[in-house]
């Protein structure tokens, strides 16, 4: 464990006993949020950063859960002492959103009205519902204003929504590999993945837990489809090319031929299908589809951003075709037109949408420089 690791961390579960109204018109009678914190909160509680996770993310963003834990949190490369999100400067809060499957209330939780898992009956969610529940946690923690709200992909959508819903409670909004709304192509990919799940004979209308099964094949295929879109052609070529995992192309050979990229995607699908909930996947992808930052502002993102008070830092990656640099530039253009302070960087990277999770020197330097400026503001 390096000196730049936050070390051993322990998740905390916070119960909220009061009902909360959701965007779909329904209520959750009660709910639970699981979260982790890294770094110390300063005396005036002005150095807190909120991490908003993406589709398959959760509360465990950095550090380890035990000495024997070989896999750190999903954003460990970027969170820790001396890292871009520097825990010697900031108090970092990372949570698992409602609807998730990592301890927070979601489809695998027990519905108090039926005594059975929520399953497909769990309410549809929007980004604003996550922001509202995150704000409830913020109040429990005694934080009045976030130094920054940071998120990649779906997390970036939450960060932008924070800046409009509670503008006086966000000083900086960091939006990484995200968009004002999904393209039709993105929605189509999400629907194909959902159809793979609901077509699985073990799906049982979303109530598979009551049948003591899971739609593993459907979830496996959904993840393979999704993961394929997070990569880039150059990245796949660099990492796998046309290399074989097994078999050969010898004339007369009848051995099975398997490319390394096939083996990799199957492995990713297998691991995901054993650790993630199918209803959560459906719920999260629908929230992605529903998101449209400007819908309630006459479909004008400039009007939307005029409601904000914070400064913005927007990051994109050259080979990300799922959330392309053009989508980030739309955000930046709207912010400039709205006369909001914004910095933008486009990072050269070969690994598509996944680049925001992976080591990249220029990306690290840019994120560190921006957040060091955030820290200096309070000194």
Computed, not fitted: 222 nm per-residue ellipticity of the chain from DSSP H runs ≥ 4 (each -39500 (n - 2.57)), nearest 500, equal to -10500 deg cm²/dmol
Residue 318 and residue 165 label points (each 7 Å along its Cα→Cβ direction) are spaced in nm at 3.7
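Would you kindly state how much longer the chain becomes between residue 4 and residue 375 on full extension, computed as 0.36 nm times their sequence separation minus their alpha carbon distance, in nm to one decimal?
131.7 nm
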Note to self: C-alpha centroids of segment 259-280 and segment 10-67 sit apart, in Å, by 26
Here the percent of antiparallel bridges among DSSP beta bridges lying wholly in the chain, to the nearest 5, is 40
With the label point 7 Å along the Cα-to-beta-carbon line of residue 336 and a cut-off under 18 Å to each amide N, the hits in segment 285-308 are 301-306
Sorted on mean Cβ neighbours within 10 Å (highest first), peptides 21-27, 187-193 come out as 187-193, 21-27
Ranked output for segments 349-359, 209-219 by mean other Cβ atoms within 10 Å, highest leading, reads 349-359, 209-219
Checking rank on 47-56, 140-149, with mean other Cβ inside 10 Å and highest first, the result is 47-56, 140-149
Under the rule rounded for a/c under 1.5, else prolate if a/b exceeds b/c, else oblate, using alpha carbon gyration tensor axes a ≥ b ≥ c, segment 54-149 is classed as oblate
In Å, the Kirkwood hydrodynamic radius from C-alpha pairs for segment 1-78 sits at 14.8
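Suppose a student asked you for the relative contact order of the chain, using Cα pairs under 8 Å spaced at least 6 residues apart; what percent would you report? Working shown, then result.
Details: 771 pairs, mean separation 64.4, N = 379.
Dividing the mean separation by the residue count of the chain yields 17 percent.
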Placing each pseudo-label 7 Å from Cα in the direction of the beta carbon, residue 27 and residue 45 end up separated by a distance in nanometres of 2.7
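By its C-alpha gyration tensor, with a ≥ b ≥ c as the square roots of the eigenvalues, how is segment 261-356 shaped: rounded for a/c under 1.5, else prolate for a/b larger than b/c, else oblate?
oblate
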Taking the alpha-carbon centre of each part, the distance from segment 88-103 to segment 324-379 in Å is 21
So the FRET efficiency between residue 212 and residue 184, C-beta based with R0 = 35 Å and rounded to 0.05, is 0.35
Everything considered on the Cα gyration tensor (a ≥ b ≥ c; rounded for a/c under 1.5, else prolate if a/b is larger than b/c, else oblate), segment 111-212 must be described as oblate
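Laboratory data are not the source of any read-out in this text; all were calculated from the coordinates shown. Since the structure is predicted, the reported quantities are computational estimates derived from the model, not experimental observations. Positions of Cβ are backbone-derived with ideal geometry, glycine not excepted, and every protein chain shown enters the neighbour counts.
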